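Heads up, the thing below is written out as structure tokens.
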Amino acid sequence: MNKKKIINDPVYGFITIHSELIFDIIDHPYFQRLRRIKQLGLTELVYPGAHHTRFHHAIGAMHLMSETLENLRTKGVHITDEEFEATLVAILLHDIGHGPFSHALEFTLLKDIAHEWLSQLIISQLNDEMNGKLTMSLDIFLGNYQKKFLNQLVSSQLDIDRLDYLKRDSFFTGVSEGTIGAERIIKMLNVKDNELVVEEKGIYSIENFLSARRLMYWQVYLHKTSVSSEKMLISIIERAKRLTQKGNELFATDSLKLFLATEFKKEDFSKESEALHAFLELDDYDLWGAIKVWSKHSDTVLSKLCQMLIGRQLFKIKISQEPISKEEKQVLESKIIDTYGITAKEAKYFYSTGKLTNNAYLSDDKKIMILSKSGKVRDVVEAADLPNIKAMSKIVRKYYRCWPKDISL
């Protein structure tokens, strides 16, 4: 079988599959599942073009990683063919642990289990299946490999993951403010003392990258309608879990039924475990199929929430600089109780309050380091004479409250 294929990507054009191992990973059911998980969850309810998937993103990130490693080689950075392939595999599988609707349900279907941890477990299982061929990839993914810059390319504040998702999400949503010069940034990358650095002449591209990321958070990832719809989806799943765990029979695929009925913990997940096997069968389709059926369920709370989400009758949302007061929350709850004739416990499914945070750059995290012409390496905040970058290192907090549109406050 010919495994040297090319994929036509709408963002980058033709992408080459570099090896038989990479082909076999892409062809694996665990990876094919990513075709059925949208990259931006419910953001299509705001930007109708946002139908791209985790599969698209993973393939695109692999392409950018290939370009990056080739560029580093031209600058004299020693990267063996084995390290080249292993790093491509690490970025290809960096999101393999995402569940349905990506981040929206990360802590609802599963409690306190992040997708990065699941990715590590799944890569480890694939490594067993492929007779240890992913051992170096797993080390790079975990940051255990001797060449630290390879891990920084997979996971840092200027990693290939971010370069692809900003460019791709901007393309599919049509939000031009998120456009970045990924190719320019890649050309400016270098390695100094085993650390990833950006050459000084690329500092304006980094400013644009951080600015684009900040704008994409407010305009796309934290768009108020996206937040509102995600809170509705979370309420639906929480209600479905409560009903299931109280003995009510709900329509669901076998995998979804298991997660509705069981509060899994980290220790329940291991290679070959029932929990991991069921998780790897879950995707967006499980949820949408269930939501359509639940919209006709006899439970008023569940059916109403499902009908609202399917019909795009989304919660009204208000963003403010101050958190909602206890008194305001009580007024909101009372109105929902009176309008729908439900109990206080049931009313909690119909509103949500919380905090939104946006930080384009964290100065205490894995820093973006700038390499000056003199050979000195400094954090981008110190190296830049641009007030924008300094401002972007501050965390911006806003507060939201959302509730049904047919209830006026």
Inset, instruction - Can you confirm whether region 349-367 contains a residue that is in a loop (DSSP other than H, G, I, E, B), at pLDDT below 95, of a type in the set (A, V, I, L, M, F, W, C) and surrounded by 17 or more Cβ atoms within 10 Å (Cβ to Cβ)? - result: yes
Legend entry - Test set (1) outside any loop (DSSP other than H, G, I, E, B); (2) open to solvent by less than 30 Å² (accessible area, probe 1.4 Å); (3) farther than 30 Å from M392 by Cα - I342 fails condition number: (1)
Inset, instruction - Find all pairs meeting these conditions: Cβ atoms under 8 angstrom apart; at least six residues apart or on different chains; first residue within region 243-263 and more than 14 Å from A275 (Cα to Cα); second residue of a type in the set (F, W, Y). - result: L250/W294; F251/W294
Inset, instruction - Output the residue which, of all residues in region 42-86 that are more than 19 Å from the chain's Cα centre (by Cα) and among the aliphatic types (A, V, I, L, M), is surrounded by the fewest Cβ atoms within 10 Å (Cβ to Cβ). - result: V77
Legend entry - Given (1) in a loop (DSSP other than H, G, I, E, B); (2) of a type outside the set (G, A, S); (3) within 24 Å of the chain's Cα centre (by Cα); (4) at pLDDT below 95, index of the condition L282 fails: (4)
Inset, instruction - For region 261-271, state whether one or more residues are modelled with pLDDT of 95 or more, surrounded by fewer than 18 Cβ atoms within 10 Å (Cβ to Cβ) and part of a helix (DSSP H, G or I). - result: yes
Legend entry - Odd one out for Q146, checked against (1) buried (at least 18 other Cβ atoms within 10 Å of the Cβ); (2) under 22 Å from V197 (Cβ atoms): (1)
Legend entry - Unmet criterion (only one of (1) out of contact with any helix residue (DSSP H, G or I) (no Cβ under 6 Å at 6 or more places or on another chain); (2) open to solvent by 10 Å² or more (accessible area, probe 1.4 Å)) for T173: (1)
Inset, instruction - Might you check whether a residue that is part of a loop (DSSP other than H, G, I, E, B), out of contact with any Leu (no Cβ under 6 Å at 6 or more places or on another chain) and open to solvent by less than 60 Å² (accessible area, probe 1.4 Å) occurs anywhere in region 229-247? - result: no
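Among the residues of region 184-194, what is the count of those that are charged (D, E, K, R) and crowded, with 16+ Cβ neighbours inside 10 Å? Talk me through it step by step, then tell me what you get.
Within region 184-194, the subset charged (D, E, K, R) is 184, 187, 192-193.
Narrowing the set further to residues that are crowded, with 16+ Cβ neighbours inside 10 Å leaves 187.
Within region 184-194, residues that are charged (D, E, K, R) and crowded, with 16+ Cβ neighbours inside 10 Å number 1.
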Inset, instruction - Select from region 1-25 the residues that are surrounded by 12 or more Cβ atoms within 10 Å (Cβ to Cβ), farther than 17 Å from H52 by Cα and not charged (D, E, K, R) and list them in ascending order. - result: T16, I17, H18, S19, L21, I22, F23, I25
Inset, instruction - Pairs only if they're at least six apart or on different chains, beta carbon under 6 angstrom, first in region 219-233 and small (G, A, S), second crowded, with 21+ Cβ neighbours inside 10 Å; list them, first residue then second. - result: S226/T43; S228/L314; S228/F315; S228/C402; S229/L42; S229/L314
Legend entry - Single residue of region 153-206 satisfying the filter (in a loop (DSSP other than H, G, I, E, B) and hydrophobic (A, V, I, L, M, F, W, C)) that is farthest from A360 (Cα to Cα): V175
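For region 396-409, which positions are open to solvent by 70 Å² or more (accessible area, probe 1.4 Å) and either within 23 Å of the chain's Cα centre (by Cα) or under 24 Å from N208 (Cβ atoms) (or both)?
Applying the first criterion (open to solvent by 70 Å² or more (accessible area, probe 1.4 Å)) to region 396-409 yields 397, 405-406, 408-409.
Hit for region 396-409 is R397, nothing else.
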Inset, instruction - Among the residues of region 109-127, write down those that are surrounded by fewer than 19 Cβ atoms within 10 Å (Cβ to Cβ), closer than 24 Å to V227 by Cα and touching a residue at least 40 places away in the same chain (Cβ under 8 Å). - result: K111, D112
Legend entry - Residue satisfying all of: in region 248-260; open to solvent by less than 40 Å² (accessible area, probe 1.4 Å) and assigned to a loop (DSSP other than H, G, I, E, B); nearest to K304 (Cα to Cα) among these: L250
Inset, instruction - Just need a number here: residues in region 317-339 that are under 25 Å from M216 (Cα atoms), surrounded by fewer than 17 Cβ atoms within 10 Å (Cβ to Cβ) and either in contact with a His (Cβ under 7 Å, 6 or more places away or on another chain) or of a type outside the set (S, T, Y) (or both). - result: 5
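The values are calculated or read from the model by the stated rules, or taken from the named source; none is laboratory data. Predicted model, so just to flag it, every value in this text is computed and none were measured. A quick note on method: Cβ atoms are made from the backbone with ideal geometry, for glycine too, and the neighbour counts reach across all protein chains shown. When the accessible area is computed, the model is the full protein with side chains, heavy atoms only, and any ligands, DNA or RNA have been set aside. Shrake-Rupley method; radii C 1.70, N 1.55, O 1.52, S 1.80 Å.
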